[in-house]
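The values are calculated or read from the model by the stated rules, or taken from the named source; none is laboratory data. It should be emphasised that the depicted structure is a prediction, and the values quoted were computed from it without experimental measurement. With ideal geometry, Cβ positions are generated from the backbone for all residues, glycine too; neighbour counts draw on all protein chains shown. Accessible surface areas use protein heavy atoms only, side chains included; no ligands, DNA or RNA. Shrake-Rupley method; radii C 1.70, N 1.55, O 1.52, S 1.80 Å.
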Amino acid sequence: MAKTTEEALLGEIADDFQTYLRKGVRFDRVIGSAHADLDIDDIETLLRIHFVLTDAEDDSSEVGVLDFMRQLEDRIRQMKTTTAPESFQYRGEIRGQIDWQGTVKTRARAGRLDEPLFVCTQPEEHYNIDENLVLKRLLTIIHEIVTDDLAYALDNSEGYDWLNEWVMPHTGGSGRGVESASEMLDRIYEQNIYLQRINVADTDITDRTIESVKRSRSQFYQDAAVLLDRYRQLMNHELDSTEARDILNHTLIAPANTDTLFELYWVFRVLDSYEGVEYRVLTDSRDSPSTIATWEQDGSRFVLSHDATGQGLSFSESIGSEDIEPGGYLYRMNEVLSRWQTISEDLLGRGGSDSLWGGRPDIVLERYRETEAGGTELEQVFLGEVKYTQNTDYVATGLRELLEYMAFVKQSGTDEYVESAEDLLESVDVKGLLFVDELARETPANRDEDVKIIQYPESPGAVL
């Protein structure tokens, strides 16, 4: 039996991805674990990168950034301007058409009507028209994404095949030499004298302005308005399942990282059991970088984390200062850790940890209830371990890891285990599931139905 393919997983989760984005669920931790080299640590950066990869030839859309860039060299010459008469004052010379009324007033103010002062009008070109403002704002956004967000990938393009359109050299327009799309954009944006005259820094480009430019007689400006409007929609997390699939396929899991995609699949299945819940957007990821979503339900607050220790939990175990029977396992292990710390410091200049055990579950769901004093206290914990495998030995390893998490999880800052000794591994305060790929055999619940193995594509149901 073949493992579940990347394509199958993409098909399963694309709709969920765009749905949960709209609900405010954050995937920073998933994104960070998938792309350690690229500076992608938030969903907005991911959507920005997706934006510059859009192509009408691939997704049958009206226009994409890539096909817009293919025509930019030739179209930039079509920039529109408006002309309006401007007045200038000259002494002893005439340039343009004399404004006699303005000339007489100027001489009168000077107190000498015979003074050789002339006010002349000349037509001046103006570039800050709506069409050019929309175009400049669009090119500024694209230029920032390519030069900032994609800087690492452009410099290290191996493994980023989805960036070929930006990094592969091709013959430039107007007989120019070979250059990549990113080089062409940088040249035009930095050197085109007409673009330099357009000032958008302090200009508020409204939605009404964009809609107006969409009706321009120039297809060039129409396309620019459509793309700027699409960018704003993406920043509002408005995308369909096709776009969601492209994001997951191109930027989230490239280079190939199907393990992360498999974990994301099970994150969605857990979230599915709370359908209809209003998720609260977490505005500052620095406060809880591993938290994917929080929500309120039935008087409790839920916190879902991925590849982390949760919000108020600890997953580490040390021998500590408790009495140890000489000669036994713990005594010997304590001696090993103590000697390791000393030798490591002496020989390598670094200390070692005295932790006997530690870990980080793939999925953590915490449930908190409000106390009478107005605070919160931990009510229940769900732990999920994910193994993208069909190998029963690896599944067994995952099962042991899950049981260890369930047995050793503590509340942060205390030595208090979440599950009491009387209920150890009985799924009272701590529940757990092992998520694996489809196996060649059924995995029924154990006789007490406390710990289960869930195979793809089964649903875990309500986990808490």
Output for Cβ contacts, cut-off 6 Å, separation at least six or different chains, first residue in a loop (DSSP other than H, G, I, E, B) in region 298-315, second of a type in the set (S, T, Y), reads D307/S33; A308/S290; G312/S412; F315/T309
Can you name every one of the helices (runs of 4 or more DSSP H) wholly within region 1-104 that holds 1 or more residues which are open to solvent by 80 Å² or more (accessible area, probe 1.4 Å) and within 25 Å of V226 (Cα to Cα)? 6-23, 56-59, 65-70, 72-75
Can you tell which of T389, T443, T397 is under 33 Å from the mean Cα position of the chain (by Cα), hydroxyl-bearing (S, T, Y) and not in a helix (DSSP H, G or I)? T389
So if I check each of L399, L424, L365, which one is of a type in the set (A, V, I, L, M) and open to solvent by 60 Å² or more (accessible area, probe 1.4 Å)? L424
Could you say whether any residue in region 427-435 is part of a loop (DSSP other than H, G, I, E, B), at pLDDT 95 or above, open to solvent by less than 20 Å² (accessible area, probe 1.4 Å) and in contact with a Phe, Trp or Tyr (Cβ under 7 Å, 6 or more places away or on another chain)? no
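To keep it simple, each residue is scored yes or no on (1) in contact (Cβ under 8 Å) with a residue 12 or more places away in the chain; (2) of a type in the set (F, W, Y); (3) over 20 Å from S314 (Cβ atoms).
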| residue | (1), (2), (3) |
| --- | --- |
| G374 | no, no, yes |
| K387 | yes, no, yes |
| G413 | yes, no, no |
| S459 | yes, no, yes |
Close pairs from region 21-34: first closer than 13 Å to T294 by Cα, partner of a type in the set (A, V, I, L, M, F, W, C) and at pLDDT below 75, Cβ under 9 Å, at least 6 apart: K23/V281; G24/V281; G24/L282; V25/V281; R26/V281; R26/L282; F27/L252
